[in-house]
């Protein structure tokens, strides 16, 4: 499998990306180009550097070396807030809603602080994000009262409230029942159909393959496979490092 090369149409490009914590190398040289409108899935064993990669892309972690370009702009040294306002939205593996606020107020925080909107524009974007995440019916509920699926959806809604061109999803389907997972997959598939570029880390491979058209496998901080999902999952190297030697 030959990884797609960077092109002028790439919304996101990372070149030679590395991240170390002292003597621990988590990412050791990642090259990746994601065209606008693509849904890309990322799989790999625990400790492969998947969440760290998202953190370096959205700026919550600084790269040790390498370059991150977004919409043709070098954002390697740009703050997470400025990357959000440029069009990067992210969910986190463990939802952390503002439990003392309502669902709507949580989404409003994303619109206000992530997208930099104010007043009526922020209100309308928060409501739009809740509708996109299928959360309008619980807009006035306390965020702390939500079950796990509701918290996952609220995490998604807050990211959508930032008006993202690129949506980074970190194991958003983790811990859900099969029915809950199917429900969330349908929502993410719809978002992709509306043209949002997606990079999605997930251990629930069936969730990824229901949405993404391209799959990357990360192991020991490097990409070991990149291509169509079925081809990647059949790869002997992927089966060795991620699936324990076979399907």
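Here are 179, 207, 157: which of them is over 29 Å from residue 65 (Cα atoms) and at pLDDT below 95?
Numbers: 179 fails: at pLDDT below 95; 157 fails: at pLDDT below 95.
Step by step, each of 179, 207, 157 is checked, and only 207 is over 29 Å from residue 65 (Cα atoms) and at pLDDT below 95.
Take residue 141 and tell me if it is under 29 Å from residue 16 (Cα atoms) and either surrounded by fewer than 19 Cβ atoms within 10 Å (Cβ to Cβ) or touching a strand residue (DSSP E or B) at 6+ places or on another chain (Cβ under 8 Å) (or both).
On the way: under 29 Å from residue 16 (Cα atoms): no; either surrounded by fewer than 19 Cβ atoms within 10 Å (Cβ to Cβ) or touching a strand residue (DSSP E or B) at 6+ places or on another chain (Cβ under 8 Å) (or both): yes.
No.
Which condition number does residue 77 fail, the rest of (1) within 19 Å of the chain's Cα centre (by Cα); (2) over 15 Å from residue 169 (Cα atoms); (3) without any contact (Cβ under 8 Å) to a residue 24 or more places away in the chain being met?
It is condition (1) that residue 77 fails.
Condition test on residue 92, is it modelled with pLDDT under 95 and within 15 Å of the chain's Cα centre (by Cα)?
Details: modelled with pLDDT under 95: yes; within 15 Å of the chain's Cα centre (by Cα): yes.
So residue 92 fits the description; yes.
Conditions: (1) surrounded by 19 or more Cβ atoms within 10 Å (Cβ to Cβ); (2) within 14 Å of the chain's Cα centre (by Cα); (3) at pLDDT 95 or above. Residue 202 meets all but one. Number of the miss?
It fails just one condition, (3).
On the basis of being at pLDDT below 95, surrounded by fewer than 16 Cβ atoms within 10 Å (Cβ to Cβ), within 23 Å of residue 38 (Cβ to Cβ) and touching a strand residue (DSSP E or B) at 6+ places or on another chain (Cβ under 9 Å), does residue 194 make the cut?
Working: at pLDDT below 95: yes; surrounded by fewer than 16 Cβ atoms within 10 Å (Cβ to Cβ): yes; within 23 Å of residue 38 (Cβ to Cβ): yes; touching a strand residue (DSSP E or B) at 6+ places or on another chain (Cβ under 9 Å): no.
Here the answer is no, as residue 194 does not meet what is asked.
Within segment 99-117, count every residue that is outside any helix (DSSP H, G or I) and under 20 Å from the mean Cα position of the chain (by Cα).
As a first pass, look at segment 99-117 and keep what is outside any helix (DSSP H, G or I): 99-102, 115-117.
Going one step further and asking which of them are under 20 Å from the mean Cα position of the chain (by Cα), we end up with 115.
So the answer is 1.
Would you check which residues across segment 64-82 are in a strand (DSSP E or B) and either in contact with a strand residue (DSSP E or B) (Cβ under 7 Å, 6 or more places away or on another chain) or surrounded by 18 or more Cβ atoms within 10 Å (Cβ to Cβ) (or both) and list them? Give the derivation first.
First pass over segment 64-82, keeping only residues in a strand (DSSP E or B): 65-70, 73-74.
65, 66, 67, 68, 69, 70, 74, listed by residue number.
Among the residues of segment 169-205, how many are farther than 20 Å from residue 243 by Cα and not in a strand (DSSP E or B)?
Residues meeting the conditions: 22.
Considering only segment 118-138, how many residues are crowded, with 18+ Cβ neighbours inside 10 Å, free of Cβ contacts under 8 Å to residues at least 40 places away in the same chain and not in a helix (DSSP H, G or I)?
The qualifying residues number 1.
Here is a check on your reading of the model: is residue 45 touching a helix residue (DSSP H, G or I) at 6+ places or on another chain (Cβ under 7 Å), surrounded by fewer than 23 Cβ atoms within 10 Å (Cβ to Cβ) and touching a residue at least 60 places away in the same chain (Cβ under 8 Å)? Break it down into steps so the answer makes sense when it comes.
On the way: touching a helix residue (DSSP H, G or I) at 6+ places or on another chain (Cβ under 7 Å): yes; surrounded by fewer than 23 Cβ atoms within 10 Å (Cβ to Cβ): yes; touching a residue at least 60 places away in the same chain (Cβ under 8 Å): yes.
In short, yes.
Restrict the check to segment 44-63 and report whether at least one residue is part of a loop (DSSP other than H, G, I, E, B), closer than 30 Å to residue 141 by Cα and either within 15 Å of the chain's Cα centre (by Cα) or modelled with pLDDT of 95 or more (or both). Give the derivation first.
Our first condition is that a residue be part of a loop (DSSP other than H, G, I, E, B); within segment 44-63, this holds for 44-49, 59-63.
From the residues that got through so far, the ones that are closer than 30 Å to residue 141 by Cα too are 60.
Filter again for either within 15 Å of the chain's Cα centre (by Cα) or modelled with pLDDT of 95 or more (or both), leaving 60.
Looking for residues that are part of a loop (DSSP other than H, G, I, E, B), closer than 30 Å to residue 141 by Cα and either within 15 Å of the chain's Cα centre (by Cα) or modelled with pLDDT of 95 or more (or both), one finds at least one in segment 44-63, hence yes.
Identify, from the list 208, 184, the residue that is touching a residue at least 12 places away in the same chain (Cβ under 8 Å), buried (at least 17 other Cβ atoms within 10 Å of the Cβ) and touching a strand residue (DSSP E or B) at 6+ places or on another chain (Cβ under 6 Å).
Working: 184 fails: touching a strand residue (DSSP E or B) at 6+ places or on another chain (Cβ under 6 Å).
On inspection, the qualifying residue turns out to be 208.
Picking from 151, 85, 96, which residue would you name as being within 25 Å of residue 186 (Cα to Cα) and assigned to a helix (DSSP H, G or I)?
Step by step, each of 151, 85, 96 is checked, and only 151 is within 25 Å of residue 186 (Cα to Cα) and assigned to a helix (DSSP H, G or I).
What are the residues in segment 206-241 that are in a helix (DSSP H, G or I) and under 18 Å from the mean Cα position of the chain (by Cα), if any?
Step one: filter segment 206-241 for residues in a helix (DSSP H, G or I), giving 206-209, 229-234, 236-241.
Scanning segment 206-241 gives 206, 207, 208, 209, 229.
The values are calculated or read from the model by the stated rules, or taken from the named source; none is laboratory data. Just so it is clear, the model here is predicted, and its values are computed rather than measured. In this analysis, Cβ positions are derived from the backbone assuming ideal geometry, glycine residues included, and neighbour counts consider all displayed protein chains.
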